[in-house]
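The values are calculated or read from the model by the stated rules, or taken from the named source; none is laboratory data. Model, not experiment: these values are computed from the prediction. Counting neighbours? That spans all protein chains shown, and the Cβs are built from the backbone with ideal geometry, glycine included.
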Amino acid sequence: MKVTDHIAQAKDTLVSFEILPPLKGKTINTIYNHLDPLMEFKPSFINVTYHRSETMFKKKTDGTFDKVEVRKRPGTVAICAAIKNHYNVDTVPHLICGGFTKRDTEDALIDLSFLGIDNVLVLRGDAAKNEANFEPEPNGHAYAVDLLKQVVNMKNGIYLEEDIKNGGKADFCIGTAGYPEKHFEAPNLNTDLLFLKAKVDAGADYIMTQMFFDNQKFFDFVKACREMGIDVPIIPGLKPLTNKKQLTVLPKVFHVDIPTDLSNAVMKAKTDEEVEQIGTEWLIQQSKELKKFGVPVLHYYTLGKPRVIYDVVKEIR
Ligand code: FAD
């Protein structure tokens, strides 16, 4: 079932989760062990992130180096199919421009369609680790909006090969990313919102946001979107703060602010357990306020912390 159908049929705020594929070498049981306790909350859907390959240099015995492309977290599409099969829950694979030609994308969409997965979250992806800026593949997409248009084409049975007439229609529900605190490359929030509107006008069915720790930033973002004529559902992405290092890592990696009250409390904490407790309480309050605001779904990034997410969702249900 599509994310938008879940929202349309909901009687209360829905809950969804996001997971990372496990590191190469681990089994699918890593995923099931992570998700098993969370399934008690009957999530409407589960997102699985996509991680592009990294260029690595492996030293050879003669002292020279071999350049190898390694995918540390492969398996997004297969994990989505496995979760759907194992728990009978809808899944949302993330699909990125980075590392994909248009043909790779088409093949991935065909796989998803054959597997009965009817949701995708369409993203550009970040620059590869060895690149300063995002570089599309030759014959790939430069922006999420371009990838989105390819997905919309497949919804209409239009494939890359022009001689395919009346092609099978892959009816995906398409999500896109939004940034309450602005995407870090955008010159200003207004310009970023114009590009977000272009993605919605091109066919995005809903927006899923970057994490944020200050709800006011989300409320302002929703208001700005509505004023601009963006009228699709906006789903807040939520992450718990669970260790002191995140006070610097989260702003650096995700370009989000940590509110002073939260950072002060975390800095005063003496143990990791205390930080986790502070982060859990903060997320519970955030979730309660967002629920009251009327968000359609509370979407939790579980990233290695399913127990914290369990405690939060237990409290707000
Ligand atoms: P875009 O919408 O293409 O925007 C990128 C930048 O370009 C923005 O600054 C925008 O303002 C600007 N822009 C957009 N269109 C144009 C245009 N036509 N001309 C000029 N400028 C333009 N990354 C992963 O690798 N894997 C994941 O699984 C993943 N999941 C994510 C989930 C969520 C909910 C979010 C919020 C992000 C996720 N990301 C993921 C990170 C994401 O790929 C990065 O933030 C990336 O830098 C931007 O992706 P985007 O889809 O927002 O790009």
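Table: residues versus (1) away from the ligand (no atom under 11 Å from the Cβ); (2) hydrophobic (A, V, I, L, M, F, W, C); (3) in contact with a Cys (Cβ under 6 Å, 6 or more places away or on another chain); (4) within 29 Å of D118 (Cα to Cα).
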position: C173; (1), (2), (3), (4): yes, yes, no, yes
position: L189; (1), (2), (3), (4): no, yes, no, no
position: D205; (1), (2), (3), (4): yes, no, yes, yes
position: D220; (1), (2), (3), (4): yes, no, no, no
position: D231; (1), (2), (3), (4): yes, no, no, yes
position: T260; (1), (2), (3), (4): yes, no, no, no
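Note on region 191-203: among residues that are touching a residue at least 40 places away in the same chain (Cβ under 8 Å) and either buried (at least 22 other Cβ atoms within 10 Å of the Cβ) or part of a loop (DSSP other than H, G, I, E, B) (or both), the one that is nearest to the ligand (Cβ to nearest atom) is K199.
Each residue in region 11-42 was checked for being under 19 Å from V312 (Cβ atoms), away from the ligand (no atom under 16 Å from the Cβ) and in a loop (DSSP other than H, G, I, E, B), and 3 pass. For residues that are within 11 Å of the ligand (Cβ to nearest atom) and in a helix (DSSP H, G or I), scanning just region 87-146, find the one that is surrounded by the most Cβ atoms within 10 Å (Cβ to Cβ). The selected residue is A144.
In region 54-77 there is at least one residue matching the filter, namely being modelled with pLDDT of 95 or more, in a helix (DSSP H, G or I) and closer than 24 Å to H299 by Cβ. Annotation note: of K199, K169, K182, the sole residue that is more than 18 Å from the chain's Cα centre (by Cα) and either over 26 Å from M1 (Cα atoms) or not aliphatic (A, V, I, L, M) (or both) is K169.
For the condition within 14 Å of the ligand (Cβ to nearest atom) and polar (S, T, N, Q), N47 qualifies.
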